[in-house]
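Notes follow once the structure below has been shown.
The values are calculated or read from the model by the stated rules, or taken from the named source; none is laboratory data. Quick caveat, the model's predicted, so the values are computed rather than measured. Here the Cβ is made from the backbone with ideal geometry for all residues, glycine too, and neighbour counts use every protein chain on show. What goes into the accessible areas is simple: the full protein's heavy atoms, side chains included, and nothing from ligands, DNA or RNA. Shrake-Rupley method; radii C 1.70, N 1.55, O 1.52, S 1.80 Å.
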Amino acid sequence: MMCLRVDNRLKVHPLALSPSVHRVNQSKTGVSIGYRALTSACSIINSARCFYFSQRNPWRYFKMIFTHSCNQPTIQLPNSALSGVNLIPGSDYKGYSMYEARIDAAQTVPLTSPEDKACVHYYYFITGSGKCEREGGKEGYDVGPDHVVALSSNITHTLKVSAEGAMRVLVVYYPDVTVAYKSLELVKSLSDLVGTERDISFGNGNSRRFTVKKDGFPLTITNTRVMASTSSKQEYKNQIEAAYYIAGTMTYHWQDGDGGWTGEQTKVDKKNGTNYFMNMHDKHEMVASDNDCFCICVFNPALTGNEIHNYGKDGFSSY
């Protein structure tokens with residue numbers, strides 16, 4: 001997606017959406033921009049974050065990025081053995097990229113780092129079941145809903161999906177830039193966490209933390225339960241957070257660039273989810289429907305594991 005900087009703010013040009021467009025004409029504003037100039041502008045702000053645009057007002061921008069997986073095209077993942085949808089592309093955030101892989105029944109695939117870049121790789125199994133084999137003839141293990149596997153770039157496991165049905169798997173790639181993350185392997189299920197020190201209440205629900213800082217991995221992956229019919233005001237000041245909803249109906253509200261508030265409801269079913277990406281430490285309010293909601297959260301950098309929410313004078317909790 002092509003973005004322009006206007007008045008020191010990033011805004012998405014409504015016609016700068018396709019690389020096949022060689023010239024953009026905006027008769028309403030009299031803008032005529034060559035493709036080469038657009039490309040140059042985008043390269044300058046390549047490290048910045050792109051913002052969602054509203055079709056009713058194409059120049060209106062929003063800080064938070066939300067993605068409904070049902071609206072995303074199927075692509076090949078950086079591990080070319082997997083295909084699925086992109087939830088956080090590298091153009092939106094340089095810390096990590098996030099996908100949902102869709103793997104057919106009875107298929108065998110490697111769980112490995114991308115071919116072109118050494119990455120710590122994480123797998124949160126959403127639906128389906130299968131068995132993973134470790135390298136070197138080590139004992140294998142079963143995986144199913146709410147299991148997490150985290151591996152450093154030099155470790156590959158092999159997943160064999162059950163013949164009973166396909167799998168949905170959240171996949172996160174984090175560039176493996178230091179040797180501190182070599183030869184790490186973690187396999188946990190949600191049942192390993194519930195009721196332990198990794199099961200943290202935030203008042204309106206629970207954050208179950210699969211990976212924390214002491215595990216040696218750079219990101220924290222959680223299963224977060226939000227209780228039905230609750231409203232929670234939050235702000236993460238020290239982490240960038242993604243929240244991928246896989247069950248329940250949740251509406252997020254956040255401030256847009258003009259200081260007003262906007263919102264977006266999840267589109268969740270058996271095949272799809274909605275990701276909210278707090279790419280600028282956004283203050284936000286979560287409003288749950290009359291059913292409990294569940295999401296997979298990714299925090300960068302990793303949590304120490306014992307953080308709890310503290311409420312400020314403005315009513316927003318943070319840590």
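Hey, got the dipole for region 92-147? About the Cα centre, +1 on K and R Cβ, -1 on D and E Cβ, debye to the nearest 20? Present the calculation step by step, with values, prior to reporting the outcome.
On the way: 6 positive and 10 negative charges, 19 e Å.
Computed about the Cα centre, the dipole is about 100 debye.
For region 150-192, what is the accessible area per residue in Å², given a 1.4 Å probe and the full set of protein chains?
Numbers: 1850 Å² over 43 residues.
Accessible area per residue: 43 Å².
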Handout entry: 22 Å Cα-Cα reach of K138 towards lysines, excluding residues that sit fewer than 8 places from it in its own chain
Key = K160, K182, K188
Handout entry: Surrounding net charge for R102, when Lys and Arg each add one and Asp and Glu each subtract one, Cβ distance under 15 Å
Key = 0
Problem - Listed residues V169, L111, V212: farthest to the positive end of the dipole of region 101-217 (Cβ charges) - result: V212
Practice task
Could you work out the local net charge near K213, counting Lys and Arg as +1, Asp and Glu as -1, over the other residues with Cβ closer than 13 Å to its Cβ?
Solution key: +1
Practice task
State the percentage of accessible surface on region 63-107 attributable to carbon and sulfur atoms; use a 1.4 Å probe and exclude ligands, DNA and RNA.
Solution key: 46
Practice task
Give the distance, in whole Å, between the Cα centre of region 264-290 and the Cα centre of region 194-257.
Solution key: 11
Handout entry: Sequence ranges 183-196, 234-247, ranked by mean other-Cβ count within 10 angstrom, highest first
Key = 234-247, 183-196
Practice task
Would you grab the residues whose amide H sits under 5 Å from the one on N291? Only those 5+ places off in sequence or on another chain, please, with H modelled 1.01 Å from N.
Solution key: S229, T249
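Provide the gained length on full extension for the span T158 to I308, in nm with one decimal, where the gain is 0.36 nm per separating residue minus the Cα-Cα distance.
Working: separation 150, 0.36 × 150 = 54.00 nm, distance 3.63 nm.
Extending this stretch completely gives an extra 50.4 nm.
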Problem - Simple label model, 7 Å out from Cα along Cβ direction - S231 to E285, nm - result: 0.4
Completion exercise
With the charge dipole of region 193-272 built from beta-carbon charges (+1 for Lys and Arg, -1 for Asp and Glu) about the Cα centre, the Cα from N272, W261, I221 projecting farthest to the positive end belongs to I221
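Tell me the net charge near V148. Cut-off is 13 Å between Cβ atoms, V148 excluded, with +1 for each Lys or Arg and -1 for each Asp or Glu. Write down the numbers at each step before the final one.
Working: positive: K188, R198, R208, R209; negative: D146, E185, D192, D215.
Overall, the nearby charge balance is 0.
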